[in-house]
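Data block below; observations after.
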Amino acid sequence: MGGIMKLDFWLIFGFIGQFMFFMRFLVQWLVSEKRGESVIPIAFWYFSILGSIIVLSYAIHKLDPVFIVGQSVASIVYIRNIMLVYKKKRSVVT
């Protein structure tokens, strides 16, 4: 390898997953600054799910049990938070 990282599909895919995790914090920070208070917008949870699924796929490809377990559990938390957001929206409408 000679010290140079080989760019393949899975490496790029893994970096995309990490970028999704970065984006969720950027979105959260910008929305919080705009409102002048700490806020977790729905986009935070969507970026969380997308990033988690991508990193989970990467971990499965790499056969990394630490990340497989971690991202599997995290995905459940992210999905549940989106369910709670939509449940609250429905209760406000009715």
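The values are calculated or read from the model by the stated rules, or taken from the named source; none is laboratory data. All of these numbers come straight from a predicted model, not from anything done at the bench. Heads up, the Cβs are rebuilt from the backbone with ideal geometry, glycines too, and the neighbour counts pull from every protein chain shown.
For the stretch 37-55, the criterion of a residue being among the polar types (S, T, N, Q), at negative phi, at pLDDT below 95 and surrounded by fewer than 16 Cβ atoms within 10 Å (Cβ to Cβ) is satisfied by at least one position. Is it true that Ser72 is surrounded by fewer than 17 Cβ atoms within 10 Å (Cβ to Cβ), more than 12 Å from the chain's Cα centre (by Cα), of a type in the set (Gly, Ala, Ser) and assigned to a helix (DSSP H, G or I)? So Ser72 fails the test.
Residues are listed down the side, and each one gets a yes or a no for (1) among the hydrophobic types (A, V, I, L, M, F, W, C); (2) within 12 Å of Gly17 (Cβ to Cβ):
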site	(1), (2)
Ile40	yes, no
Ala43	yes, no
Ser52	no, yes
His61	no, yes
Gly70	no, no
Ala74	yes, yes
Asn81	no, no
Arg90	no, no
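Would you check if Val27 is touching a residue at least 12 places away in the same chain (Cβ under 8 Å), assigned to a helix (DSSP H, G or I) and over 16 Å from the mean Cα position of the chain (by Cα)?
no
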